[in-house]
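Have a look at the structure below, then the notes.
The values are calculated or read from the model by the stated rules, or taken from the named source; none is laboratory data. Just so it is clear, the structure is predicted and the values come from calculations on it, not from any experiment. Virtual Cβ from ideal backbone geometry, glycine too; neighbours counted across all protein chains shown.
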Amino acid sequence: MADTLRTTTRRRPRTAAPADATRRIRLWTSALVLGAVVLAVLLVPPLVRLDEQAVDLTRKLLPPSWDHPFGTDDVGRDLLLRCVYGLRVSLLVGLVAALAATVIGTAVGAAAGALGGRVDRFVMRIVDAFASVPHLLLGIFVVAMFRPGVWPVVVSVALTHWLSTARIVRSELLSLRSRPFVDAAVSGGASRWRIAVRHLLPAVLPQAGLAAVLMVPHAMWHESALSFLGLGLPSHQASLGNLVQGARSSLLAGDWWPTLFPGLFLIVPTLAVAGLAGVWRDRLNPRRRSELML
Amino acid sequence: MSRRLPWAAMARMTGRRTLAAVPVLLGVTLAVFAVAAASPFDPVKAYAGTAGLTASQENLDQLRANLGVDRPWPAQWWDWLTRALQGDLGDSGVMRQPVADVVAERLGWSALLAATAFLVAIALGTGLGVLAGRRRGGLLDRAVSSLAYTLEAAPAFWLGLLAVWFFALKLGALPAGGLTDTASDTVTAGQVATHLVLPALVLGISQLPWFFLYVRQGVGDALEEDPVRGARARGLSERTVLTGHALRSGLLPVLTLVGSRVPELITGALLVETVFSWPGIAAATVQAAVSADFPLLAALTVLATAAVLLGNLLSDLLYGLADPRVGFDG
């Protein structure tokens, strides 16, 4: 009876086959886009050997064309090249910051989860306190005090991004601690340290890894915001945020392309990473289909 | 809702949270001073500016003593804290007025912008969320959801700049920034309204994705629950089912979440107010950071933390009211 009622209502989830096809398309587009981005960032600078800083005042603010697919900026630099270099800087800063944040987060989460008790409560209090300062604001504060340079930006992004990793690692550890294989190790006479390193840490690393991958676009976003506000990277190491900031006067004169393309360069890799992460999560937990439909 | 509100439980929760907020806020102020002390930032140089380059060491030392920054940072922190509790937050160098005045002047404008932006996000998010949630997996749902994820990935400052280009420059329909026209020196409601449209729209749209996705999820799930099936079986119209049943149980929990989104709102405001030169408190934060104006930056950081804690409390209180099973124990 319940089943007939269900089938009469129109909004049953679709059958499995099209969903699988969508998933495969999503996987491949995400992977292709991400691969293209990584290749461009790695290979264009050494292979193309064009100077992305080359000023050509006779060609300033040209709209997109065959010669300059993204147009040129206010001193005649090719924007496609500028965007690739900007993405390279943003990606590098994002990667380093995400790696640092993952190390901090895993260490803190592991300490809280493995030691438990008072240490756990104290550490999680600190995590909560950190979480109640808006992240961009905390980042702005750190950068304002330590400016200028690349490292203040990396540190500020890393300092604001380790919280979720710490929480994930801690809760994973807590759920693992009561598993039989840990009991077996304890009764086998393994030390606390050995259990943590041999049994617990390897089990939480995939989760921490997924968190790290997802963190990279977020870290890039943070860096771009700081750079846009004039608090981020120095202008000779232009990231995508610097490019958008530098394009403001051109934009107010009506030229949209120096603003549009750096932003797209930020969005597209982010969506690709999110798409891949969604597929990965579905594989880890097939019952909970990821909602991302790109 | 005719039942009496559980005032006592709510008051207890508020009290507990206020007590818990004290150490957090103290910790944040302490950390702010510790970070500043560990940094190469020198308040004397910041205060003296270019005059500091030619001033004698004697004068600089005098200035250091006058500013009270010749002592170790815990003493400075204690000083600042005791004064702050009496309402004196120090003087802002970049704004050339007391920090408390900066906050008082600008808080209202930020609140206006944030409230309008939330209204935009709630109106658009509810409308689109219901339409998408009714037929999850349908064409409209897929289109709007994809757009939502794209918007989530798009930086608010970039959206703001593109909005300026399109609406202010291309169409010439709306002003590109500020609070009033440059020519006028009085603030009128009409001018503020036209200058508010673009920043509020951009800030609202930057908050839209999560709201839309939650409403979509909530309404979609509610449509598959028994009360809705019962209502349909009784032959109630689709509209009644949607507004009376699905929307009520799907939307209410989402609305209570608004308070917990204060951090994202502040992040968005920092970027949007800067793009549109909105004279709010977030734009002042950025200016304070750019010119290393420590007294203003420290006060605004603590204020933002307090706003986040308040938002969390509000959200939990409302959630407890909307769903009595949750209660007020947190």
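Does B:T243 satisfy the criteria of being touching a residue at least 40 places away in the same chain (Cβ under 8 Å) and out of contact with any Pro (no Cβ under 7 Å at 6 or more places or on another chain)?
Values: touching a residue at least 40 places away in the same chain (Cβ under 8 Å): no; out of contact with any Pro (no Cβ under 7 Å at 6 or more places or on another chain): yes.
In short, no.
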(message) Residue under question is A:G254, and the condition is that it be more than 27 Å from A:V154 (Cα to Cα) and part of a loop (DSSP other than H, G, I, E, B); does it hold?
(response) yes
(message) Need pairs with beta-carbon distance below 6 Å; first residue within 11 Å of A:A272 (Cβ to Cβ) and within segment A:28-45, second surrounded by 12 or more Cβ atoms within 10 Å (Cβ to Cβ); sequence gap 6+ or separate chains.
(response) A:S30/A:A272; A:S30/A:G275; A:S30/A:L276; A:V33/A:A272; A:L34/A:A272; A:V37/A:P269
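Give the residues of segment B:62-105 that are among the acidic types (D, E) and either touching a Lys or Arg at 6+ places or on another chain (Cβ under 7 Å) or in a loop (DSSP other than H, G, I, E, B) (or both), sorted by residue number. Before the answer, list the steps.
Going through segment B:62-105, the residues among the acidic types (D, E) turn out to be B:70, B:79, B:88, B:91, B:101, B:105.
Within segment B:62-105, B:D70, B:D88 meet the criteria.
Determine which member of the set A:L138, A:L214, A:L226, A:L231 is within 14 Å of another protein chain (Cβ to nearest Cβ) and not in a helix (DSSP H, G or I).
Working: A:L138 fails: not in a helix (DSSP H, G or I); A:L214 fails: not in a helix (DSSP H, G or I); A:L226 fails: not in a helix (DSSP H, G or I).
Matching residue, one of A:L138, A:L214, A:L226, A:L231: A:L231.
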(request) Determine if segment A:254-270 includes at least one residue that is at the interface with chain B (Cβ under 10 Å from one of its Cβ atoms) and at pLDDT below 85. (result) yes
(request) Report yes if B:T116 is within 28 Å of B:T274 (Cα to Cα) and touching a Phe, Trp or Tyr at 6+ places or on another chain (Cβ under 9 Å), otherwise no. (result) no
(message) Among the listed residues A:V33, A:V44, A:V37, identify the single one that is surrounded by 11 or more Cβ atoms within 10 Å (Cβ to Cβ) and in contact with a Lys or Arg (Cβ under 9 Å, 6 or more places away or on another chain).
(response) A:V44
(request) Evaluate segment B:127-142: report whether one residue or more is touching a residue at least 12 places away in the same chain (Cβ under 8 Å), surrounded by 17 or more Cβ atoms within 10 Å (Cβ to Cβ), over 21 Å from B:A284 (Cα atoms) and of a type in the set (V, I, T). (result) yes
(message) I'd like the residue in segment B:264-291 that is surrounded by fewer than 22 Cβ atoms within 10 Å (Cβ to Cβ) and over 19 Å from B:P199 (Cβ atoms) and, out of all such residues, is nearest to the other protein chains (Cβ to nearest Cβ).
(response) B:V290
(request) Kindly establish whether B:H195 is in contact with a Pro (Cβ under 9 Å, 6 or more places away or on another chain) and either within 30 Å of B:P98 (Cβ to Cβ) or modelled with pLDDT of 90 or more (or both). (result) yes
